[in-house]
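What follows is a short report on a single structure.
The values are calculated or read from the model by the stated rules, or taken from the named source; none is laboratory data. The structure presented is a predicted model; accordingly, all values stated were derived computationally and were not measured. For neighbour counting, all protein chains shown are included, and Cβ atoms are generated from backbone atoms with ideal geometry for every residue, glycine included. All accessible areas refer to the heavy atoms of the entire protein, side chains included, with ligands and DNA or RNA removed. Shrake-Rupley method; radii C 1.70, N 1.55, O 1.52, S 1.80 Å.
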Amino acid sequence: MGRVAPAHPLSLGRAERNMAEATIDLRGLPLAEAYDELNEQTRAVLEGIDDPVAAMATISALIHHGFGHLWTGFYRVVEPGNLLRIGPYQGTLGCMEIEFGRGVCGTAAARKETLIVDDVLAYPGHITCDARSRSEIVVPVLDGGGSLIAVLDVDSDQPAAFTEEDREGLERLMQWFRGLT
Ligand code: SME
């Protein structure tokens, strides 16, 4: 009996693609290639969806399990210029609310710019949700009108885990939300 090679997740129908086993392990790929794959998979899974919470949940799962990070998720803007609240995430319990200007997330939100922190222990005001966290990247999420709707927070248990390639890849991924009006 011949063995049938498993179909590549992107060649599956939409319902099949949405199954959990379609999550691709991106570890071991060169980073640029990993982010190309992640972008392609995200856009395929979210095809026809214009719901930001569904997208945040899906993207958190794909990044988290793709790279094996410590914590991956979104803090949503609930009071523009003032307050972020926990959104969809993967990992241990995240803190509920972060004020603009506080911690890495609140600073990235206030500045509307990506922050990479190589050593969270040396970052003044870092908010510790998981004591194993050593480095992180926080990327602003803007809608079609350019308003900040959330930040993406990715934490690692390794120091200096994030590079300019991660910034480029994750900022490109967050472009998905620019399609929302
Ligand atoms: N690292 C964040 C806090 C959120 S948790 O790590 C999930 C910060 O200092 O902004």
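Taking the stretch 157-170 only, how many residues are over 15 Å from ALA61 (Cα atoms) and open to solvent by less than 70 Å² (accessible area, probe 1.4 Å)?
Counting residues in the stretch 157-170 that are over 15 Å from ALA61 (Cα atoms) and open to solvent by less than 70 Å² (accessible area, probe 1.4 Å) gives 7.
Suppose we filter the stretch 47-67 for residues that are farther than 16 Å from ARG167 by Cα, open to solvent by 10 Å² or more (accessible area, probe 1.4 Å) and either of a type outside the set (Ser, Thr, Tyr) or at pLDDT below 95 (or both); how many remain?
Looking only at that region, the number is 12.
What residue, among those in the stretch 125-145 that are without any contact (Cβ under 8 Å) to a residue 24 or more places away in the chain and not hydrophobic (A, V, I, L, M, F, W, C), is farthest from TYR35 (Cα to Cα)?
Of everything passing the filter in the stretch 125-145, GLY125 is farthest from TYR35 (Cα to Cα).
Is there a residue being in contact with a helix residue (DSSP H, G or I) (Cβ under 6 Å, 6 or more places away or on another chain), open to solvent by 30 Å² or more (accessible area, probe 1.4 Å) and either within 16 Å of the ligand (Cβ to nearest atom) or farther than 22 Å from GLY146 by Cβ (or both) anywhere in the stretch 74-90?
Checked the stretch 74-90: at least one residue is in contact with a helix residue (DSSP H, G or I) (Cβ under 6 Å, 6 or more places away or on another chain), open to solvent by 30 Å² or more (accessible area, probe 1.4 Å) and either within 16 Å of the ligand (Cβ to nearest atom) or farther than 22 Å from GLY146 by Cβ (or both).
Just give me the residues in the stretch 126-150 being more than 7 Å from the ligand (Cβ to nearest atom), crowded, with 18+ Cβ neighbours inside 10 Å and under 14 Å from the mean Cα position of the chain (by Cα), in sequence order.
ILE137, VAL139, PRO140, VAL141, ILE149, ALA150 - these are the residues of the stretch 126-150 that are more than 7 Å from the ligand (Cβ to nearest atom), crowded, with 18+ Cβ neighbours inside 10 Å and under 14 Å from the mean Cα position of the chain (by Cα).
If a residue has to be within 12 Å of the ligand (Cβ to nearest atom) and closer than 19 Å to GLU99 by Cβ to count, how many in the stretch 109-125 make the cut?
So the count comes out to 8.
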